[in-house]
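The next block holds one structure in the form of structure tokens; read it before the comments.
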2 protein chains.
Amino acid sequence: MCVRCRSQTRIVEEDSTLSLKPYAKFQNIPGEPSRGRLRKTAAKFCGLGSWKIRLPITIWLPRYTLESLFRDLIAGITVGLTSIPQGIAYAMIAGLPPQIGLYSSIFPGIVYSLFGSCKDITLGPTAILSALVAKYVAYSDDFAYLASFLSGCIVLLFGILQLGFILDFISKPVIAGFTTAAALQIGASQLRSLFGVSGSSGNTFVKAIINFFRNITTIQLNDSLLGVVTIISLMLLKHATIPVGPDSSSCRVRFAKLWVYVLRARNALVVFVGSILAYILYVQGWTPFALTGKINGGLPHFGPPPFSTVVGNRTLNFTDMLAVFGAEGLVMPLVTILESVAIAKAFAGSKPVDGTQEMIALGACNILSCFGQSMPTTGSFTRTAINHACGVTTPAGSLFKACLVLLAVTLLTDAFFFIPKTVLAGIIIVAMTSITEFGLVTKLWRNSKLELAVYSLTVLVGAGVGLEYGILCGAGLDVARTLAHAARPDLHHQLFKVGNQDCIILTLLGTLTYACCEHVPRQLRRRAGEHVHVAVLDARHVQRLDYGVAENLISTILDLEQNHRFLLWNFKESHKQLFEDIHPGFSGRFVNGPSIDQHILGLEPIPMR
Amino acid sequence: MCVRCRSQTRIVEEDSTLSLKPYAKFQNIPGEPSRGRLRKTAAKFCGLGSWKIRLPITIWLPRYTLESLFRDLIAGITVGLTSIPQGIAYAMIAGLPPQIGLYSSIFPGIVYSLFGSCKDITLGPTAILSALVAKYVAYSDDFAYLASFLSGCIVLLFGILQLGFILDFISKPVIAGFTTAAALQIGASQLRSLFGVSGSSGNTFVKAIINFFRNITTIQLNDSLLGVVTIISLMLLKHATIPVGPDSSSCRVRFAKLWVYVLRARNALVVFVGSILAYILYVQGWTPFALTGKINGGLPHFGPPPFSTVVGNRTLNFTDMLAVFGAEGLVMPLVTILESVAIAKAFAGSKPVDGTQEMIALGACNILSCFGQSMPTTGSFTRTAINHACGVTTPAGSLFKACLVLLAVTLLTDAFFFIPKTVLAGIIIVAMTSITEFGLVTKLWRNSKLELAVYSLTVLVGAGVGLEYGILCGAGLDVARTLAHAARPDLHHQLFKVGNQDCIILTLLGTLTYACCEHVPRQLRRRAGEHVHVAVLDARHVQRLDYGVAENLISTILDLEQNHRFLLWNFKESHKQLFEDIHPGFSGRFVNGPSIDQHILGLEPIPMR
């Protein structure tokens, strides 16, 4: 017997107990009695260790060192410097007052330092979430706070009920298509600020582009110039590292290191330069750029999220507000989880990510932060990358970032007055270029046209109709694709001769669901054909077999048995039982063993016609 | 090399071209050039033979014999005798005037004799379709005719576009659950007529039962008595065959044959007896039973289906009427196809059913019949079974049946006046007992609890909320089940030793969709564990592999490669290309061949830590 056969034979036996619970096998170490699982679950809920995992600060704080403090502080300040312009910019995307973007960087930072398990992740407002919430903010700002609260509740529920598996059904092409569509929409919506064009921007990429060109005559030369210069500067700064060779002077090396920090704070830098320019011109009596204007700084109004609001002359109660969110509102918590978990995985490296804890932390951040006027927040790729690059060691980095932003919002609001809007728009547009995923197109084109269709559909619907609909259509097409595969499983066949009998082996694979209950018997009928005497169904690799498939196979076999002999080879006991149950007496056709030849030779020949 | 290995190796090569088009392989006979397919398609549309298949009367009529005529006539008369009481009864279920049920037996019968390809199938109103249409008829009778027209159009479209595969996604448990729920609902709705209870019956099983018991005090003793006697008579007649042995006299044999015909017309028989009884009592001045009453016989009003109607004081135009049907209305054409195709298959035996032609015939029947005041029609199990049992030879049987019903509706309407309603209710209730599928419960309980859940959900929602919702929920749960299987494919593994290296083989099977892109790498990580040196991924049986799965496998393998060696065994060329595309240089890990041992021995050992 060769290695391959041995492996298959043993494997089928080993894994025959596997059911829909994928982890049961691994939680149950061989030899351990099954009631051990109950004890383990009990221990999981009662043990101190389990609760500590849910409040990770209790794990890292006791071991906190001075070196960690120093590194976290550096990281916190650098990330903070990026968070301030990004916070203001993302508040702009959502259509909220600028300080809300800053508040949304403060409170999640504080809460995450308590609950967060990934040192790198930085929570705050993100471009995509802002774009999603903008539709509702058009009614009233209150929707942003309520969205944060409700999203937080749903994310927390996902964490507690361990529903993270639902994310498995959003495929890579859908995620890539969604972020691409989001980047397009957000970028397009900023064209207006970048060129100082008047009018509104619209909720989708297509609308934003149309509105932009409709108002193109109102273009402002000064804004356009500063905006383009900002974009070029940021692009240059992104790649402007100082080359350090092994023979560089120590001074040069030190300068290069410092320069890296400057580059990381490049967003803050362009804002700073732009604001200084605007201030100087303002003092000289000229305001050539559209400015951010007065920011109501200081601390936010603390209080529960608004469960009713006034839109126009009408008071909307909680039910009305829920109706405004509708089912599409569920995309927000989904995106919250998606963005954060994807980022956590990207930066975790070989360390596994505790998805449950991340969802609990995210939920807690969104629920608690909305009490301090926060919009929905999640992990931010740019800021997390900077945090990681600065060598952050614990979630304390988030705390220091929060402190810096808090300082800014209480003390520096007068300075924020002079930030030119076009600079912020430039920052957003540059940030968006890094999240588009057009590179995937060529890879999918070469390897999987169907997945490319999923990606394209997500981008097109996302950019044309709305981001939520893009993700829904993409996920829907993926489901259709999966169902199509389930309905038309490939059947391998091989023709061979035993003695003077023409034989065929049909190999069935994996799961034979109800959807293929017509396909498999039809294939059996076609391939058995007229010249085959013996047809063998090889079910070694069949794990599941639905009732309808068994029923149709039986009726087909009974029907074809006038001219053929059938052998059902290596079926599982449970499947044999099913066949016998449907048609008593059918089990005589089942055979087992490594070789089929002997069974074929033992068959009664078909009478001649 | 053993038979099994040989078979697998060859099969993978043979079938590697198989894609989503399941029939491409079979339409293209080996050796035939691929442009032959185009020619064949052209021939299919231009050839006279192809058009003859679409009008089967052109095939069977030239070969029609006198013996066929005699047999079809007998079958037509017998089926017609059943069609009359059933037509009236099903019109009652739908809430339509009795003659509509008869018209619905006439015109589809005529049209089917032109287009039908199955000799046995008898089209007419069915209990389930009547129950589905009743909801709309509550507004206006016009909805029934429009439903027939629209259903017909959709069914025809399904036939022309060959969309019959959509039915693959309605599993056996859903169909069984649906018919059970329908039988329960229809049976419950007839309790009112059976016992002469006043009030309305309600649109669902639950409502019908509640309404029945709410009005139980209005029960009529005479109706109840006659109804119960009808049911008992029908039950007895169903099984009351005359035993014929080999030594029976020829007279007895002839009588037994005649008796079988009487039994087949048992529905007509009980109606006849019941009506005679009612007539005699009526003549004597006593009307103890609720009677069918005056039927407006004669020919129907011919004309196009109503594209607008009046409900109360409001005129509904076509759009309004479509809005009344809503998306649930789509269940009607679906059920039309389901019932008819299922019946065609059941009676076709070893002859394959031309699903496309059946759908075209059904569509044409529904579209054309509604011009003569027909409600939606489809294949009827009872009448088809009688047709088959009478030895019908061509669809001409349908024509004779139609003629008999036409005679009855033009000449016998005065006699229909005396049919007691309770007798019709009894006929329906007995018919319903034969379509419930409770027997499936025990089989599913023993073999597939998940499918039992699908069945139960369909029955519960169907009986409690509405038949359409039952079928939707059942199909939805089936989709969820399929997705769950796709997300958690079983992975077989086997531990073995080569030299002093601990090795593991993980066997991947079938289709690895996006949904398992987290599961498979996670399993690889867990099973590779700490003590394994070499992990082998066996992909011989992998047919499809999504981008996300490849991407995650690569990152997991790169991550684990510090402590393990990885071999990717027998991957398809297209999959290798995908891996190489995602991570250039990855393809060095791929190996092929029947045995893995030599490859493991050739690996560079992992450096000691």
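Derivation of every value follows stated rules applied to the coordinates shown; laboratory data play no part. Every value quoted in this text rests on a predicted model; they were computed, and no experiment measured them. Cβ sites come from the backbone with ideal geometry, for glycine too, and all protein chains shown count toward neighbours.
A few comments on the model shown:
- Dmax and Rg, reported as Rg then Dmax, of the stretch B:55-104 (C-alpha, Å): 15.2, 43
- Taking all C-alpha pairs of the stretch A:228-363, those more than 25 Å from each other amount to 66 percent.
- For chain A, the fraction of alpha-carbon pairs in successive 10 Å shells from zero, as %: 3, 14, 20, 20, 15, 11, 9, 6, 2, 0, 0
- For B:F70 and B:F272, a Förster radius of 30 Å and the Cβ-Cβ distance give a FRET efficiency of 0.75, rounded to the nearest 0.05.
- Cα point-scatterer Debye curve for the stretch B:138-236, base-10 log of I(q)/I(0) at q = 0.11, 0.24 Å⁻¹: -0.56, -1.17
- Most to least packed among B:128-135, A:259-266 [average Cβ atoms within 10 Å]: B:128-135, A:259-266
- Fraction of beta bridges assigned by DSSP in the stretch B:492-601 that are antiparallel (%, nearest 5): 30
- Neighbouring Cβ atoms from other chains, within 10 Å of the Cβ of residues in B:497-507, number 1 on average.
- Computed over the stretch A:492-601, Cα set: Rg, Dmax in Å: 12.8, 37
- Taken about its Cα centre, the stretch A:408-567 carries a charge dipole of roughly 400 debye when the Cβ of each Lys and Arg holds +1 and the Cβ of each Asp and Glu holds -1.
- Taking Cα centre as origin and charging only the Cβ of basic (Lys, Arg, +1) and acidic (Asp, Glu, -1) residues, the dipole magnitude of the protein assembly as shown rounds to 1020 debye.
- Net lengthening on full extension, B:V260/B:S595 (0.36 nm per residue, minus Cα-Cα): 113.9 nm
- Only helices reaching 24 angstrom along their own axis (Cα) with mean Kyte-Doolittle hydropathy no lower than 1.6 count here, and for the DSSP H runs of chain B these are B:142-160, B:266-283, B:331-348.
- Label positions at A:R252 and B:A323, each projected 7 Å from the Cα along the C-beta direction, are separated by 7.7 nm.
- On the beta carbon distance between A:L411 and B:A480, with R0 = 60 Å, the FRET formula returns roughly 0.65.
- With the simple spin-label model, which puts each label point 7 Å out from Cα in the Cβ direction, the A:D502 to A:T287 separation comes to 9.1 nm.
- If you plug the beta carbon distance of A:F213 and B:S308 into 1/(1 + (r/R0)^6) with R0 = 35 Å, you get a FRET efficiency near 0.20.
- Highest mean packing first, where packing is the average number of other Cβ atoms within 10 Å per residue, the peptides A:252-258, A:327-333 line up as A:327-333, A:252-258.
- Across the protein assembly as shown, the fraction of Cα-Cα pairs farther apart than 59 Å, rounded to a whole number, is 30%.
- Among the residues of A:166-172, the average count of other protein chain beta-carbon atoms within 10 Å of the residue beta-carbon is 6.
- Amide H contacts of B:V591: B:L568, B:W569, B:N570, B:F571, each under 5 Å away and 5 or more positions distant or on a separate chain (H built 1.01 Å from N in the peptide plane; Pro and chain starts excluded).
- In the calculated pair-distance distribution of the stretch A:446-487, the portion above 11 angstrom amounts to 60 percent of the Cα-Cα pairs.
- Most to least packed among A:107-114, A:189-196, A:586-593, A:480-487 [average Cβ atoms within 10 Å]: A:107-114, A:189-196, A:480-487, A:586-593
- For the segment B:596-602, counting C-beta atoms of other chains within 10 Å of every residue's C-beta and taking the mean gives 1.
- The protein assembly as shown - share of DSSP beta bridges that are antiparallel (%, nearest 5): 45
- Net charge over other residues, Cβ less than 13 angstrom from the Cβ of B:C390 (K, R count +1; D, E count -1): +4
- Rough spin-label spacing in nm, given labels placed 7 Å along Cα→Cβ, for A:K294 and A:S456: 5.3
- Cα convex hull of the stretch B:187-234, projected area averaged across orientations, nm²: 3.1
- Rg over Rh for the stretch B:181-265 works out to 1.24, using Cα positions for both radii and the Kirkwood form for Rh.
- Considering only chain A, the C-beta nearest to the rotation axis that sends A to B is found at A:G510, 2, the distance in whole Å.
- Relative contact order of chain A, pairs being alpha-carbon contacts under 8 Å that are 6 or more residues apart, as %: 22
- Over chain A: helical MRE at 222 nm, DSSP H runs n ≥ 4 each giving -39500 (n - 2.57), nearest 500: -19000 deg cm²/dmol
- Given charges at Cβ of Lys, Arg, Asp, Glu: chain B dipole, positive-most of B:L411, B:G101, B:I128: B:L411
- Between the stretch A:531-581 and the stretch B:496-531, the Cα center-to-center distance that results, in Å: 30
- Local net charge near B:G109, Cβ-Cβ under 11 Å (Lys/Arg +1, Asp/Glu -1): +2
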